[in-house]
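Enquirer: Can you read through this structure? Questions will come right after.
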Amino acid sequence: MQAWEDFARTIEPPALTMDDTALRDHAQQMLQVFAADLDTPQTASERSAKAQGRAAPAEADTAAEVHAEARLQSGYTVVQLVSEYRALRTSVLTLWTANHPDNHADDMADVTRFNEAVDQALAESVARYETMVKRSQNMFLAILGHDLRNPLGTVVTGSNFIMEAVDIPPRYILVATRIFNSAKRMNKLVCDLIDFTRTHLGPGIPIRPREGNLVKVCEEVVNELRTSHPEMQIDLHAPAMLEAHFDEQRIAQMLSNLVGNAIQYGASDFPVTIRMTPGTGDIGVAINNRGAPIPADALAGIFDPLVRIAGTVPMAASERTSLGIGLFISREIVHAHGGRIEVTSDTVSGTTFNVTLPRRQPGSAA
């Protein structure tokens, strides 16, 4: 314990602000866990499972997990946390070697079991530390995104008010228009950020489904994108009506992300095509663009957050400010509706995102 405490004192700055009791807070409990592990019979299969990180989880928080939380709250980095285990291991093995100079076979077996126990505790500590850090980061992002909404709303409202004025010079109208467009892009980023943190904090993306015409929502999204991307041809092939039970705003967000992605990465001399087809109890939506195909090794992770695939055309400033979570959010929206989304990409057919949505949500009226 003293050797371990002496090492902990060298870790700055947290250790300099902690007393002896705080420095030794969980080391004793962990040593007792190690000792208990040495006294516990272990089969070959149990040993193999432990070595591969497949040991049965404990019913309650372990001493190593509690220790990780305490160290995080004290300001330790994960490197410093790992260093503590290295020092604890070295301290015990040094004393062990001094007291067992003959190195009998039984002693070596115990040393092996001790190292396994330390590795298990280290894995538990690092996993808990990582979980706590991710939770703190997501909570911070959620609070940041929420708090940014009000001032952004004020900017959008104020710039829109100036844009509608008829008694000011045109150059001020132009500036107000630029402010309005920039604020709207910022608001979309904030909304994406809030949706991203929702999926990581547990509840997922909320939906409020109701009866509606899916074609009408898609037409509105396409018309908006045609206005903002006049240089790109966007073709929509759909029947006049496809009734379904869905959240209009979320589906519009999903479609806007997927079609916008197709515009961003598609070749400018080929149109972006959206096809909507009715199925047996569901509706299919296929969004296709031509251009360089997505590499096969990148397809598997294309819906992962913060993944960006290099485009074939130069990106506009607004596109370079994307967080890279549009496809991830689109997938979560589809899954929230009980649907599925897949992507294919080759040099002949281009890249196609296929979305399948059920006409009725579970529990909705037929």
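Enquirer: In region 283-301, whose amide N lies under 16 Å from the spot 7 Å out along Cα-to-Cβ of ALA267? List them in ranges.
Expert: Output list for this probe position: 288-295.
Enquirer: Compute the Rg/Rh shape ratio of region 148-201: radius of gyration over Kirkwood radius, all on alpha-carbon atoms. Show your work: numbers first, answer last.
Expert: On the way: Rg = 14.1 Å, Rh = 12.1 Å.
Ratio value, two decimals: 1.16.
Enquirer: Please find the FRET efficiency linking LYS134 to VAL155, where r is the Cβ-Cβ separation and R0 is fixed at 45 Å, and quote it to the nearest 0.05.
Expert: Once rounded, the FRET efficiency stands at 0.90.
Enquirer: Quote the FRET efficiency, to the nearest 0.05, computed for ASP107 versus VAL82 with a Förster distance R0 of 30 Å and r equal to the Cβ-Cβ distance. Don't skip to the answer; put the middle values down first.
Expert: Values: r = 26 Å, r/R0 = 0.87.
Once the sixth-power term is evaluated, E becomes 0.70.
Enquirer: When the Kirkwood hydrodynamic radius is evaluated over all pairs of different C-alpha atoms of region 212-358, what value in angstrom, to one decimal, is obtained? Display every interim value, and only then the final one.
Expert: Working: mean 1/r = 0.0648 Å⁻¹.
One over the average 1/r among Cα pairs gives 15.4 Å for region 212-358.
Laboratory data are not the source of any read-out in this text; all were calculated from the coordinates shown. Just so we're clear, the structure is a prediction, and the values are computed from it rather than from any experiment. Ideal geometry is used to build each Cβ from the backbone, glycine not excepted, and the neighbour counts take in all protein chains shown.
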